[in-house]
Amino acid sequence: MISMFWDIFITRLKIIIRNKSTLFWTFAFPLILATLFNLAFSNILESEKFSPVKLGIVNNEEYKSSDIKEFIEAVSQEGDNQIFIPTYVSNEEEAKELLNDNKIVGYLNVATEILINVKASGLDQTIIKYTIDSYYQMNNVANDVINYDLANLHNGVLDKINNGNYFKNITNEKTNNIVIFFYTLIGMTCMFSGFSGISAVNDIEANLSKKGARISISPAHKGKILLISLLTGFLVQFVALLILFFYLTGILGIQFGTNNLLILLIMAIGCLTGVCLGSFISSLLKLKEGHKIGIFIAITLTFSFLSGMMVQGINYIIEKNVPLLARINPVNIVTDALYSLYYYDTLDRYWFNIINLGIIIIVLSIISYLCLRRKRYDSI
Amino acid sequence: MIVFKNYLKVLKKNLGMFIGFTVLFIGMSLLYVNLGNDPVAEFTSSKPYVSIVNRDKESSLIDHFIEYTEKNAEIIELDDNETVLKDAIFYREVSFIMIIPEGFNDAIKNKELLEIETMSVPDSSSVYLEMLLEKYLNIVDVYANSGMTETEIISNINNVMKKEAFIVIDSEVNVSEFDNVAFFYRFSNYVILYICVYLVGFLMSTFNNSKIKRRNLVSGTSYLKINMELFLGNLVFALSMWLLYVVVSIILFGNIMFTINGLLLILNSLIFTIMSLSIGFMIGSFVRNKEAINGLSNVIALGFSFLCGAFVPQAFLGSNIVNMSKTLPSYYYITNVDIINNLTNYTINNLKPIFINMGILVIYTIGFFLITNIISRLTLKKEN
C-alpha cells in the first residue's frame, strides 16, 4: 500500500518538476513581482521629503511694498526649509502664460482681490494656499498678542508662533500600507497551486485527456491518484511560497507579524485553497486545458485586484459595501489574515479568516467530488 | 488571404476566452477609476472622516475645536475603547482619530498645551486636515501664553480664521476633471500590454507550433506573405481591442474625449497598442509554451506598469527607478498621458515633447518587428 502511494507520489512529482516552464513561473514569477513592487514602492516612504513648489509672483509696485515680500523671500531660500521656487514676472498676463505652460503651479498677485491663481486642485496648490493663509493668519495672531499686552513683545510668546508639536501619533503602522501589496502577492501565489489542481483533474478524467483515459482503466483507484496528485501540487507550491516568504522578509525586509508559525499556517491553508479552486474549476468545466488555465488566471487576477494588489484600498471598500465578496475571495482572506497578524494584538480576526478558508475548501472539495464521482463508461 | 482567414478562425474558436479577458480588464479599469482616485491633500476635495475622543470634561474651547474640525471634516462618533478605535482605523472608517487627554482644559489655563494622541491611516487623505488642526492648536498655545482667557481665545481665533487667501482655479479645460480620464488611460498601460502580449502571444504560438509551421512553409505561399497576413490578423484583433477601450472611455467621460487633450490621449493609446502588438508578436514567435506566455505577459504588463508609473504615479517613484524605466516603452506612453493631463496651452513648444515620445514608441515598434524577423529567420535556418 505504502509503496503504491510512494510510486504515484514520485511520479506526480516528476511530472511537475519536468515541466520546466511551469516550475520556472511558479517559483520565479512571485519573486520577480516582489522585486518590482519593492522597487516601485521603495521611494514612497521617502517622498515625504517634499520638493519645493514653483510659484509665480507678479512683481508689481504693490508687491514690492508689501509685507508678504519678506516672508516669501524667506521661504524661498534654498535649503531644507525651502517651500517655494519663485519666478518673478512683471504683469499678470506673463504669469497666466507661465501657468498655462505648466512652468509654475500658481501665481500670487497682491494687487488684485484674487490673491492666488492656480489651474487645478492638488497637493502643490494646497501647499501654496496653506502657506499664504498661514502667513496672513499668523501675522494677525502676532498683532493680536501684542495689542493685548505689550509685555508680550518681550516674554517669548511670539517665538511660539509656528513652533510646536501638538499631536503624538500612536498608531503602530510604521511601514505604511506598502505591506498590503506584498501580502496580496502571497495570496496570489497561494492560488497558483491551482494550476496543478487543474492538471491533476485533467489527468484522471477519461474524457479530458488521453492520459486520463489510460489512468481510468488502470487498477489504481482514481480517487487515490487524484488526492496524491493534489498533495504533490500543494507541496511544490508551498515550497515556492516558503522561498517567497524568506525573500520578502530576509532580503526585502518586509514586515510581517511576529508569529511565524501562524504565518506558515495561513500560507499552507491558502495553498490548499488554491489547489481546491483549481480542481473545482477543472471538474466543473468541460473545456480544453488551455481554456481552463485561461479562466483560472482570469479569476486569480480578479481576486488579486479586488484584494488591493493594483489599487490601494479596494479591499476596504469591498469590505464595507459588499462584504460577501470579501468572504469568498481567497486572496483577500489570506491578505487579511496576514495583515491582522501584523496589526492586531489579538488573534480573533486571524482565526476567523482561517475558518473562512476552511469552509471554502470544504465546499469546493465537495462540489469537485460530486462532479468527478464514479463514472461508468461503456466497455467498448 | 487564406492565412488571414485562418487566423480569424482560430480567433473565433478562442473567442470566449478573449471576450472574458476583455470584459475582465475593462471591469478592472472602471473600478480603478471609480475607486482608486484618492487625492492626497486637495483643498476642494471631499472631507476626510475623523473622530474626536474627548477624555476631558466639556468646555467651550473644546467645543470650538470640534466645530472647527467639523468645517473641514466629517465627524464620526466612536466609543473610547482601544479595539473600537483600532478597528475603525484598520477598516478605514475614519482616517484620523484625536484623543483629547484628561486635564486638557486645566492645562490651558496654566498656559500649557497637553499632547493629543492621534491615530491615523498612513496613506492619509487627512494630511491637510492635520496641518490645519496643528495650526489651530498653535494659535491656542500662543494666545494662552499671551494671557488671554478662554472666551478671548475663542473670539480671537474666530477672527483669525476668517483671514483666508482668496484663491481661484482658473482654466478652460478643467484639469481636475481630466484627471479621471488620465487615470483611466494610465491604467490602460496594464490592460493593453496584458491583452496584446498574452492573447496575441497565445494566438501566434498556435501558428508557430512546429508541425503547423512546417506544413505552412511547405505550402506554395511565400513565407513573407504568411507573416504579413498573420500580422494583419493580429492588427485587426489589437485594433478592435483598442477601439473597444476608447469607446468605453467615451461612454464614461463623454465630450471631454473630443477636446484636443482627449484626442491626443486617443492617438497616444493607438500608437501604444500597435507597439504592444509588436511585443506580443515577438513573444509569440519564440515562446511555445502557453503557460510561459502567461507568465511572461504578467511580468511584462505588471512590471512595465509598476516601474513606469501606471499605478504609482511617476512623481512618487524614486529617481533611479525612473531613470531605469526610461529603457521601457511604457515610460514614454505614461509620460505622455501625464503631460496631456496638464496641457492647457497648445503651443508647438508644449506639444513637441508629446510627439517626440510618440516617435520613440514608433521606434520601439519597428525595433521589435526587426528582432522578430531576425530571430524567426535564424530559427528557420536552424530548422533547415
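Of all residues in the range B:344-365, those being within 30 Å of B:G280 (Cβ to Cβ) and either buried (at least 16 other Cβ atoms within 10 Å of the Cβ) or in contact (Cβ under 8 Å) with a residue 24 or more places away in the chain (or both) number 9. Of the residues A:L150, A:L115, the single one that is touching a Phe, Trp or Tyr at 6+ places or on another chain (Cβ under 6 Å) and modelled with pLDDT under 85 is A:L115. Screening the range B:260-337 for helices (runs of 4 or more DSSP H) wholly inside it with 3 or more residues that are at pLDDT 85 or above, more than 13 Å from chain A (Cβ to nearest Cβ) and within 20 Å of B:V200 (Cα to Cα) returns the ranges B:260-286. Taking the condition more than 8 Å from chain A (Cβ to nearest Cβ), touching a helix residue (DSSP H, G or I) at 6+ places or on another chain (Cβ under 9 Å), under 19 Å from B:L85 (Cα atoms) and modelled with pLDDT under 90, does B:S124 pass? So B:S124 passes the test. Scanning the range A:46-87 for residues that are surrounded by 12 or more Cβ atoms within 10 Å (Cβ to Cβ), more than 18 Å from A:Y130 (Cα to Cα) and at pLDDT 85 or above turns up A:V58, A:N59, A:N60, A:E62, A:Y63, A:S66, A:T87. Restricting the first member to the range A:137-148 and to residues that are at the interface with chain B (Cβ under 8 Å from one of its Cβ atoms), and the second to residues that are of a type in the set (F, W, Y), the beta-carbon pairs closer than 8 Å and six or more apart or on different chains are A:V141/B:Y143; A:D144/B:Y143; A:V145/B:Y143.
Identify the residue in the range B:63-94 that is polar (S, T, N, Q) and out of contact with any helix residue (DSSP H, G or I) (no Cβ under 8 Å at 6 or more places or on another chain) and, among all such residues, is nearest to the other protein chains (Cβ to nearest Cβ). For the range B:63-94, the residue satisfying everything is B:T83.
Checked against the criterion of being more than 8 Å from chain B (Cβ to nearest Cβ), within 41 Å of the chain's Cα centre (by Cα) and of a type in the set (K, R), the range A:99-113 has at least one qualifying residue.
On inspection, B:I52 does not qualify as touching a Leu at 6+ places or on another chain (Cβ under 8 Å) and of a type outside the set (S, T, N, Q).
The values are calculated or read from the model by the stated rules, or taken from the named source; none is laboratory data. Predicted model only: the values in this text are computed from it and were never measured. Please note: Cβ atoms are built from the backbone with ideal geometry, for glycine as well, and neighbour counts cover all protein chains shown.
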